[in-house]
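**Q** Take a look at the following structure, please.
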Amino acid sequence: MQIKTCVLFGLTAVLLFLSAGSEKASFTEGFRPGNRASRIEYGESNLSVDFSNRTGHYTLLNFWAAYDAVSRVHNMQLWRKISALDSTRITLFSISMDENFSVYAETLKADKLDTTNQFYAGRENKSSLYKKYGLKDGFKNFLIDDKGVIVAANVTAEELSNVK
C-alpha cells in the first residue's frame, strides 16, 4: 500500500513539474515582432517575396479567406486604407487561404479589390504557410520593415496612418 502511494505521489509530482514548464515554453511556429520574416515563394500564383529587398518600404503581409468573415473584412479595410494613403512606403501582399481558386476570384470581384497585390495560396502551399506563419489559431497580418524584420502583427487599417 505504501509503495502504491509513493508511486502515485511521484507520478503526480512529475506531471506537475512538466505542466509548469509548458506555459513558459516558447512556440515553435509562427512569427512575432522582432523576428525576421521568411521569404515566400511558390509557383501557383507566381509569387516571390523577399522582404529584405525593399529599401525604404514597409510590407504588410496579410492572410485571409473568404470563408472567414473577419479576415475578409480586414482585407478590404487594409487594401482601401493603403490605397487612400497614396503612400509608396507601404506595399500590401494579401494572401488568400481559400480552398478553391474560383471562390478567391469571385470574392475579389465582389469586394472590388485590385488584384495586383492579392494572391491565392493554393493547396500546395497552404499547410506550409499555416505552419510557417502560425495561422492555425486564426488569420493574421504582419508589418515588415525594409530589412525584413516584423515590426508589428495584427495591424488595423487605422494604425496604418501612423506608419512613417
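The values are calculated or read from the model by the stated rules, or taken from the named source; none is laboratory data. Since the model is a prediction, treat every value here as computed from it, not as a measurement. Keep in mind that these areas ignore ligands, DNA and RNA; they rest on the heavy atoms of the full protein, side chains included. Shrake-Rupley method; radii C 1.70, N 1.55, O 1.52, S 1.80 Å.
**Q** Just need the relative contact order of region 88-164 here, percent rounded to a whole number, with Cα pairs under 8 Å and 6+ apart. List each step's numbers first, then the result.
**A** Values: 55 pairs, mean separation 17.7, N = 77.
This gives 23 percent for region 88-164.
**Q** At 1.4 Å probe size, with the rest of the protein present, what percent of the exposed accessible area of region 80-140 is carbon and sulfur atoms?
**A** Answer for region 80-140: carbon and sulfur cover 49 percent of the accessible area.
**Q** What pairs in Lys109/Lys147; Lys81/Lys112; Lys81/Lys109; Lys81/Lys131; Lys81/Lys164 have C-alpha atoms more than 25 Å from each other?
**A** On the way: Lys109/Lys147 33 Å; Lys81/Lys112 14 Å; Lys81/Lys109 18 Å; Lys81/Lys131 28 Å; Lys81/Lys164 15 Å.
Among Lys109/Lys147; Lys81/Lys112; Lys81/Lys109; Lys81/Lys131; Lys81/Lys164, the Cα-Cα distance tops 25 Å for Lys109/Lys147; Lys81/Lys131.
**Q** Figure the gain on full extension for Arg89 and Thr156 (residue separation times 0.36 nm, minus the Cα-Cα span) and round it to one decimal in nm. Before the final figure, lay out each step's value.
**A** Numbers: separation 67, 0.36 × 67 = 24.12 nm, distance 1.64 nm.
Computed gain between Arg89 and Thr156 is 22.5 nm.
**Q** Right, something else. Over region 48-150, give the accessible area per residue in Å² for a 1.4 Å probe, as an integer. Walk me through the numbers before you get to the answer.
**A** Working: 5000 Å² over 103 residues.
Accessible area per residue: 49 Å².
**Q** Right, next: Amide H neighbours of Phe119 under 5 Å, at least 5 residues apart or on other chains, H built in the peptide plane: list them.
**A** It is Ser94, Ile95, Ser96, by chain and number.
**Q** When all protein chains stay in place, what accessible area (Å², nearest 10, 1.4 Å probe) is found for Ser94?
**A** Ser94 exposes around 0 Å² with every protein chain in place.
**Q** Amide H of Tyr58: which non-local residues (sequence gap of 5 or more, or other chain) have their own amide H closer than 5 Å, using H built in the peptide plane?
**A** Excluding prolines and chain starts, which carry no amide H, the hits are Ile90, Thr91.
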